[in-house]
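J.: Structure provided below as structure tokens; questions to follow.
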Amino acid sequence: RGFTLLPDNERVHTEWRRLVEVHSVSGKQVHDARLVAAMMVHGVTHLLTLNTADFTRYREITAVHPRALVDIR
């Protein structure tokens, strides 16, 4: 109940194909590209992830590591 499900649609697919081509994405990283495409289509700007390095190529979003949200003293 705490999450909104955003639909997968033709716009997401089209954007995904564009990202794969523009960024020369292949292998397992095509799944990351699909996530970024869905974010872009639905206006989501930030992604909380343990693997920010895989998203640095996508200037359209901001990848945030959980450590960045914790005040470590």
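J.: Filter region 44-73 down to the residues that are farther than 20 Å from L6 by Cβ, part of a loop (DSSP other than H, G, I, E, B) and open to solvent by 50 Å² or more (accessible area, probe 1.4 Å) and list them by number.
T.: Across region 44-73, the qualifying residues are L50, N51, T56, R57, R59, V70, D71, I72, R73.
J.: So the check is Cβ under 6 Å with 6+ separation or different chains; which pairs have a first residue in region 36-52 that's within 17 Å of E10 (Cβ to Cβ) and a second one that's open to solvent by 50 Å² or more (accessible area, probe 1.4 Å) and not in a helix (DSSP H, G or I)?
T.: Here the result reads M40/E60; H42/L6, each pair linking region 36-52 to a residue that is open to solvent by 50 Å² or more (accessible area, probe 1.4 Å) and not in a helix (DSSP H, G or I).
The values are calculated or read from the model by the stated rules, or taken from the named source; none is laboratory data. A quick note: this is a predicted structure, and the numbers were derived from the prediction, not measured. When we count neighbours, we look across all protein chains shown, and the Cβ atoms used for this are built from the backbone with ideal geometry, even at glycine. To get the accessible areas, we keep the full protein, side chains included, count just its heavy atoms, and leave off ligands, DNA and RNA. Shrake-Rupley method; radii C 1.70, N 1.55, O 1.52, S 1.80 Å.
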